[in-house]
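Novice: Provided herewith is a single structure, encoded as structure tokens, for subsequent inquiry.
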Amino acid sequence: MSALQCRLARLEDVLLSKPRPVVCLLSEPASDAPAAVWAEYRRQVQEATARGAFLILLVQMRPIDGPRIGKGVTYGGSEFEAQLAAASMHRSRLGNESLPSDVMKSLSANVIRPVHANEA
């Protein structure tokens, strides 16, 4: 492969739009939920898996537990974690790793060191 072909391949990789991954966000029912609710939840998980969607499951977790990641599945303990995981699946518009990276790099702030009351 010539240098020109390598450069063209890299440009195409960057410039051509890639399909967005299908993300499915589901919330696990309460542990005392009726069997029909659990059956519907399992059916939705199976359908999403069959479609090839990336699953983000909102489950009951202790606050000290971090998000768990399995093959094609991310488990989150809060809706914020789940939405952040879903946003991280979106492609960057500015060439960063992901859409949340764009947001973090666009922020500007000054860092001010803490001052104790007796120093002021």
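We did not get these values from a lab; they are worked out from the coordinates using the rules stated. Here the structure is a predicted model, which means the values were calculated and not measured. Cβ coordinates were reconstructed from backbone atoms using ideal geometry, including for glycine residues, and neighbour counts include every protein chain displayed.
Novice: Non-local amide H neighbours of V23 (under 5 Å, H modeled in plane, Pro and chain starts lacking H): which ones?
Specialist: Sorted by chain and number, the residues that satisfy this are F54.
Novice: Using modelled backbone amide H atoms (1.01 Å from N, in-plane), which distant-in-sequence or interchain residues come within less than 5 Å of Y75's amide H?
Specialist: Residues meeting the amide H criterion: L57, R68, I69, G70.
Novice: At a Förster radius of 41 Å, what calculated FRET efficiency corresponds to the Cβ-Cβ distance of S78 and L15, to the nearest 0.05?
Specialist: FRET efficiency, S78 to L15: 0.65.
Novice: Spin-label point model (7 Å from Cα, Cβ direction): what's the N118 to Q46 distance in nm?
Specialist: Reported label-point gap for N118 and Q46 is 6.8 nm.
Novice: Additional query: Which whole-Hz couplings ³J(HN,Hα) result when phi for each residue of the range 2-8 is put into the Karplus expression 6.51 cos²θ - 1.76 cosθ + 1.60, θ = phi - 60°, listed in order with x for Gly and Pro?
Specialist: The phi angles translate into 6, 4, 5, 5, 4, 5, 4 Hz.
Novice: Between V37 and H90, what FRET efficiency follows from the Cβ-Cβ distance if R0 is 35 Å, with the result rounded to 0.05?
Specialist: Plugging the Cβ-Cβ distance into 1/(1 + (r/R0)^6) gives 0.70.
Novice: In nm, to one decimal, how far is the M1 label point from the S108 one, both placed 7 Å along Cα→Cβ?
Specialist: A separation of 3.9 nm, rounded to one decimal place.
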